[in-house]
1. Assess whether B:ALA317 counts as being touching a helix residue (DSSP H, G or I) at 6+ places or on another chain (Cβ under 7 Å), under 17 Å from B:ASN270 (Cβ atoms), in contact (Cβ under 8 Å) with a residue 60 or more places away in the chain and small (Gly, Ala, Ser).
2. Quick one: which of A:GLY341, A:GLY334, A:GLY321 is assigned to a loop (DSSP other than H, G, I, E, B) and within 26 Å of A:LEU141 (Cβ to Cβ)?
3. Taking region A:472-519 as the region of interest, how many residues are among the aromatic types (Phe, Trp, Tyr) and more than 24 Å from A:SER417 (Cα to Cα)?
4. Quick check: anything in region B:217-237 over 26 Å from B:LYS382 (Cα atoms) and in contact with a strand residue (DSSP E or B) (Cβ under 9 Å, 6 or more places away or on another chain)?
5. Counting just the residues of region A:33-51 that are aliphatic (A, V, I, L, M) and in contact with a strand residue (DSSP E or B) (Cβ under 6 Å, 6 or more places away or on another chain), which one comes out farthest from the other protein chains (Cβ to nearest Cβ)?
6. Please specify each residue of region A:232-245 satisfying the condition of being of a type outside the set (Phe, Trp, Tyr) and either out of contact with any helix residue (DSSP H, G or I) (no Cβ under 6 Å at 6 or more places or on another chain) or open to solvent by 10 Å² or more (accessible area, probe 1.4 Å) (or both).
7. Restricting the search to region B:414-431, which residues are under 18 Å from B:ALA479 (Cα atoms) and free of Cβ contacts under 8 Å to residues at least 40 places away in the same chain?
Protein chains: 2
Amino acid sequence: MKSKQFLLLMIALFGIATTFEGCKPKGAGSAVSAGAAEKTYVAPGQYDEFYNFVSGGFSGQLSVYGLPSGRLLRVIPVFSLDPEKGWGFSEETKPMLETSHGTVPWDDLHHVQLSKTDGDYDGRWVFVNGNNTPRIARIDLTTFRTAEILELPNSGGNHSSPYITENTEYVVAGTRFSVPMDGDDSDTPINTYKKNFKGTLSFVSVNKDNGHMDIAFQIETPGVNFDLSRAGKGVSHGWFFFSTYNTELASTLLEVNASKNDKDFVLAVNWKKAEEYLKAGKGKKVSNVKYAHNIYDETSHTSTSTIKNEVIVLNSAELEGLCYFIPCPKSPHGVDVDPTGEYIVSSGKLAALIPVFSFSKIQKAIESKSFEGEFAGIPVIKYEAALHGEVEKPGLGPLHTEFDGKGNAITSFFVSSELVKWNIKDLKILDRVPTFYSVGHLMIPGGDTKNPDAKYVVAYNKITKDRFLPTGPELAHSAQIYDITGDKMQLILDFPTIGEPHYAQAIRAEKVKDKSVKIFKLEENKHPYFTNGESAAKVERNGNKVHVYVTTIRSHFTPDNIEGIQMGDEVYFHVTNIEQDWDMPHGFAIKGANNGELLIMPGETQTLKWVPDRIGIFPMYCTDFCSALHQEMSGYVRVSPKGSNVPITFSVGTNQPTDTQ
Amino acid sequence: MKSKQFLLLMIALFGIATTFEGCKPKGAGSAVSAGAAEKTYVAPGQYDEFYNFVSGGFSGQLSVYGLPSGRLLRVIPVFSLDPEKGWGFSEETKPMLETSHGTVPWDDLHHVQLSKTDGDYDGRWVFVNGNNTPRIARIDLTTFRTAEILELPNSGGNHSSPYITENTEYVVAGTRFSVPMDGDDSDTPINTYKKNFKGTLSFVSVNKDNGHMDIAFQIETPGVNFDLSRAGKGVSHGWFFFSTYNTELASTLLEVNASKNDKDFVLAVNWKKAEEYLKAGKGKKVSNVKYAHNIYDETSHTSTSTIKNEVIVLNSAELEGLCYFIPCPKSPHGVDVDPTGEYIVSSGKLAALIPVFSFSKIQKAIESKSFEGEFAGIPVIKYEAALHGEVEKPGLGPLHTEFDGKGNAITSFFVSSELVKWNIKDLKILDRVPTFYSVGHLMIPGGDTKNPDAKYVVAYNKITKDRFLPTGPELAHSAQIYDITGDKMQLILDFPTIGEPHYAQAIRAEKVKDKSVKIFKLEENKHPYFTNGESAAKVERNGNKVHVYVTTIRSHFTPDNIEGIQMGDEVYFHVTNIEQDWDMPHGFAIKGANNGELLIMPGETQTLKWVPDRIGIFPMYCTDFCSALHQEMSGYVRVSPKGSNVPITFSVGTNQPTDTQ
């Protein structure tokens, strides 16, 4: 498309978007389903039907909502500091935020993937990707806590991630921003992009027993931008599909320069073939990389960060049969695979149609070499040879597609702000409903599995404007729930979200709730500074390091009076919560200190490091209201001058003076 | 009460609590009101009736919920780092987290107070207190952002805060943990508590025009623990009431040692008298203190932190008529003043009754010197002389009371997990409903004003257990909404909350929503590094400091390619969002950097500091999905070795090479 035509399209797109936003129906309007209140109401004491794991976007965290109530059940800290939960503040959690380049306090969490067995959610783990510092994290669904974070080398952004295969064999990660490979330490000019900037696709293996991740291999590709991806399933198991944009290989003003080609590509990767090449020693061992691998252990209640230095790289251009490009109009965003695995839907955000590719046709095209040429050494399959068909005039700005398991697809349209339902086989449009406003991702529970549980579709919208009471210049993003049990989609609830709701997934509560850990057993606590009961509480000096072994139980700390700390000391409060009842956490903080707080679950040990910056008396207290006598759950720490002869003493309830008033 | 008796009471209290939790009704149960779904449902596109400002507790932030939907509309960062919003990460917000002892990344936010005019909410500001580092913050309700934070000297915890007078003349702050006064630099043994540890009450004035706070005076008191407080109103305007516990002046195992006295005190403070003493020069100027005063300016979009060194202290024992103790059974927690100002309800959490004091009787007792003696130089009014009457057998563990404006009070009971409604005049109990589970604070919209808007009461509960789908060992706290328009309180909704919901207040949406700022006007932007349009974008080197003047607008940065940065540089990205549409923020982050992100509202300038730690190519991108071409909104920064001769260049769209592939 010529530049002038492109600009006209842009004007049209944004013109329509503006108009659309300007004329939204006020109030509930006709779009809201009758009986919607009853359909979304979860009465006090009742449970929601689904856990909805929603990306927190630029918060770096993962939110857990109940569906259909839209209630926020928990924010799970993943990539960012969380002052509320002490995540990144306790000694035990600090290693989780380490990277190959030091501590990173924040990330941009994008997509959410529930682990799968036989192509259905198994309720074991949730994987999420960090889009800024390229990382993948695994959350354990017995504890709802982050269990592992793996950094990815040779990547400048990790957007098309952490999509997974049907038995969680692999979690993938494709570079959004191509960069010079990590090993290349030269000072690279930006205008040598086409020569020096590369993409990579990382295939991360997952241990079936404990979930531990490892980079099995990377595939080096030309410097296109990888946007999203999905694994094949059923008939297409063994393949992975990635959408690409910027096949123009532009490095500036991508808004224009990466929007010139009428078609970009879907990249089809044969990962079973990759395994063969790997076994045959065709991978290149690269040892000049650096990436962190962080694991949290819920027995020792500690985490470790290990720097790794090796990765195996396969070359996409050299290894035949590994990668194929499929032309796709225009700047495709989502690439989604239907429940059978036969149909691959890729939505070009600047396209006026949606192409649906056929896996069996792709295989035939490869066999018969129906190629239109190659791009950077990778064969390009003829568009028509891969195509099942096109959805015509579907809407403006198609982004993502989910499936209902009844032969239908629902696609989100950012520019025309709507969801459109269409039939996968005959490509006919069946229904369309407005979203308020510009929808990004959408989600059907199990919508990317072999067996969707198609009761609701949820739209996760990028613009909220006047949907909720105004809160100044910054507004929450929003989600909208539609009932899809009938032929027509019916809007039943709006709810606001934390951060930015990129992709989300939802799972039936039954698959998760009964596995939930309620307490950590004290007798299993292997923390190196575990305090086994109040009688074991103590304070130990080792040079300028002071270790305080503290217990908490309603409604006191042992010890609660500590003297003999000196300026220049590093003090470690190792706090063991010796409660063994569910929902009986204690908090720990030192008044006026500059280090944050601990939140300690029953049976757990957590450590707060404190380097006192002044002499004086410092109250310490429980920060989580725990009992009728919570306000009394406090004590004092005395900090003396350096070299003071005040001995280390610690006690609870014994040093009450009677002689002074 | 003797020690053995006390222990029996404790066993009884916790025994009952345990039993109660063990037998909660499963499911919705009979407690849920008919028609509850319709009563709490807010249809898509409709607004909630009330803004509910809810303390985030140990998150350090303030949550804004809609009532009756229970939807979380916004988390306002106050005392803690917020990676989501860049709070504490941008150069503009870093000063807001400064204290007299450096940056503090966290606090424990407790209570919420809407500003008042004539004893009713005026919708201008919300005040909140930091319980860890003693501070008060003011949130501006035109922007829903933190506008000011004031630290408090001579304080070891600030719990009985930030309660305010009926025209927002003062915001108060009472020390929860007594400590040696700041000026006392001696190394103080803990067992000299009774001699050396003091309480203080800070009276902070509020400028009527711009809300700016200032410590008008402090009152030095004996070392009791101040728990909560309320201003007088109407007839009692000019007085302030504080609950105290630990009148035993214990410093260890307070659970036992501060629970010995059968009665503790309510402290009545005549602040009009304090003003007279101040005018008469009776205050002591104390100049060996240190506290930070941080102000955010929404025109320059920057904040400043100033360290102050002076405070005026009044002595509670020496200045006659300033302070009076009123005996109150037993370890009182809440102290609440009814809409008329005549009745003061103070709930002893270990008491088996609720005393209601009469302001006019207190005045008569003072006139007639009906004192039973004095405590630390302060007269103690005879209990019976101050008493209106007692609510008998109300429940176990009374904590807080709110008022319905129809002559009734509703009190929360932590141990017996219930709300109890009673008549203020005749002290008869009218109704009781269970809460699930242990309720702390409760809230009626306007419940502490002269004119409560008594449609709902909300219970903010400390224990959740099985009310929502389980999320591992850590569960959200919960709130429960009861309809109180009829004679009987009817439970209509449970909703989970962020952090810990200490006190909350709610205000009719009409009083706030139309004042909400939607954008910052570009022509009013006075930021020192404001970039006035794309043509003004530039990069300036000044020694090793590099200032990048960047603009953002859908869908590009200007500039987006930057070269000439060197190792050893401090780079400041001053990003101006030149959009002027509501809900059109942009984000800014540098891939793989270790500094967090910016979230920039339309018309605003924010700065991200970056000290590159390695040479290479660093993508930069918009972190908040902004348009159909958001994924294209990116660029590259090149970092060269120190001493490199790569010149500073910056551009957008112009350096696309054609000669390399």
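The values are calculated or read from the model by the stated rules, or taken from the named source; none is laboratory data. Quick caveat: nothing in here was measured; it's all calculated off a predicted structure. Positions of Cβ are generated from backbone atoms using ideal geometry, with glycine treated the same way; all protein chains shown enter the neighbour counts. Heavy atoms of the whole protein, side chains included, go into the accessibility calculation; ligands, DNA and RNA do not. Shrake-Rupley method; radii C 1.70, N 1.55, O 1.52, S 1.80 Å.
1. no
2. A:GLY341
3. Residues meeting the conditions: 0.
4. Within region B:217-237 (the criterion being over 26 Å from B:LYS382 (Cα atoms) and in contact with a strand residue (DSSP E or B) (Cβ under 9 Å, 6 or more places away or on another chain)), the answer is yes, since at least one residue qualifies.
5. A:ALA36
6. A:GLY232, A:LYS233, A:GLY234, A:VAL235, A:HIS237, A:SER243, A:THR244 - these are the residues of region A:232-245 that are of a type outside the set (Phe, Trp, Tyr) and either out of contact with any helix residue (DSSP H, G or I) (no Cβ under 6 Å at 6 or more places or on another chain) or open to solvent by 10 Å² or more (accessible area, probe 1.4 Å) (or both).
7. Those that are under 18 Å from B:ALA479 (Cα atoms) and free of Cβ contacts under 8 Å to residues at least 40 places away in the same chain: B:GLU418, B:VAL420.
Conditions (1) under 39 Å from the mean Cα position of the chain (by Cα); (2) of a type in the set (A, V, I, L, M, F, W, C); (3) open to solvent by 30 Å² or more (accessible area, probe 1.4 Å), marked per residue:
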position: A:GLU579; (1), (2), (3): yes, no, no
position: A:ILE600; (1), (2), (3): yes, yes, no
position: A:VAL611; (1), (2), (3): yes, yes, yes
position: A:ARG614; (1), (2), (3): no, no, yes
position: A:CYS622; (1), (2), (3): yes, yes, no
position: A:HIS630; (1), (2), (3): yes, no, no
position: A:TYR636; (1), (2), (3): no, no, no
position: A:ILE648; (1), (2), (3): no, yes, yes
position: A:VAL652; (1), (2), (3): no, yes, yes
